[in-house]
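> Have a look at this one.
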Amino acid sequence: MGLSRKEIGRWGEERAAAYLGRKQYQILARNVRTEHGEIDIVARHGQTLVFVEVKTRTSDKFGPPENSITAQKQAHMIHSADAFLLEHPELEALEWRIDVIAVLKDSGEREKIDHFENAIHG
């Protein structure tokens with residue numbers, strides 16, 4: 001029996017968070033809900049606040065994971081980042097960007113990770 005979409009997404013987010021940790025990102029929050037949607041990971045990298053959308057797939061049959069981010073999802077991410085900053089004024093002085101991390105899971109427990117910095121622009 002295969003994993004559910006939710007389990008696959010959770011697995012991918014764990015892998016993305018571990019990847020960011022190895023790259024010296026400080027994870028500040030995960031699965032942040034705003035009125036505009038969810039932010040998978042909020043991290044800090046130096047003086048930059050990074051909002052991360054994680055897309056996980058078990059196959060690239062229908063294209064790579066990052067191709068599934070629609071214009072509507074991009075708009076929701078921008079609005080969600082703005083909402084997060086309004087609730088955390090202590091972070092407003094930092095530069096910020098929105099990254100996408102695409103995780104492609106193979107049939108085992110291995111993954112291929114692609115990190116697209118500043119992938120979504122406001």
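The values are calculated or read from the model by the stated rules, or taken from the named source; none is laboratory data. Please read these numbers as outputs of a predicted model, since none were measured by experiment. When we count neighbours, we look across all protein chains shown, and the Cβ atoms used for this are built from the backbone with ideal geometry, even at glycine. In case anyone asks, the SASA skips ligands and DNA or RNA and just uses the protein heavy atoms, side chains included. Shrake-Rupley method; radii C 1.70, N 1.55, O 1.52, S 1.80 Å.
> May I have the convex hull volume per residue, in Å³, for the Cα set of segment 77-122?
That works out to 100 Å³ per residue.
> On to the next question. What does the charge count around residue 69 come to, taking other residues whose C-beta lies under 14 Å from its C-beta (Lys +1, Arg +1, Asp -1, Glu -1)?
Every neighbour counted, the sum reads -3.
> Quick check: pseudo-label points 7 Å beyond the Cα along Cα→Cβ at residue 78 and residue 48, how many nm apart are they?
1.9
> Sort segment 1-87 into rounded, prolate or oblate with this rule: let a ≥ b ≥ c be the square roots of the eigenvalues of the Cα gyration tensor; rounded if a/c is under 1.5, and if a/c is not under 1.5, prolate when a/b is larger than b/c, oblate otherwise.
The shape class here is oblate.
> With springs only between Cα atoms under 10 Å apart, run a GNM on the chain and tell me which of 48, 70, 34 wobbles the most.
70
> To the nearest 20 debye, what is the magnitude of the charge dipole of the chain about its Cα centre, counting +1 on the Cβ of each Lys and Arg and -1 on the Cβ of each Asp and Glu?
500
> Please go through segment 19-122 and write out the GluC sites (Glu not before Pro) that DSSP classes as loop and that have at most 15 other C-beta atoms within 10 Å.
Loop-located and lightly packed - 35, 92, 109.
> Here is a follow-up. Run the numbers on segment 24-122 and let me know its relative contact order in percent, using alpha-carbon pairs under 8 Å that are six or more apart.
Contact order relative to length: 27 percent.
> Follow-up. So which aspartates and glutamates pass the test for residue 55, namely a Cα distance under 18 Å, with those fewer than 8 places away in the same chain ruled out?
Correct list for residue 55: 7, 13, 14, 38, 40, 66, 99, 106, 109, 111, 114, 117.
> With Cβ to Cβ distances under 12 Å as the rule, what net charge do the other residues near residue 87 carry (K, R +1; D, E -1)?
It works out to a net charge of -3.
> Keeping all protein chains in position, work out how much accessible area residue 103 exposes to a 1.4 Å probe, and write it in Å² to the nearest 10.
Here the accessible area works out near 0 Å².
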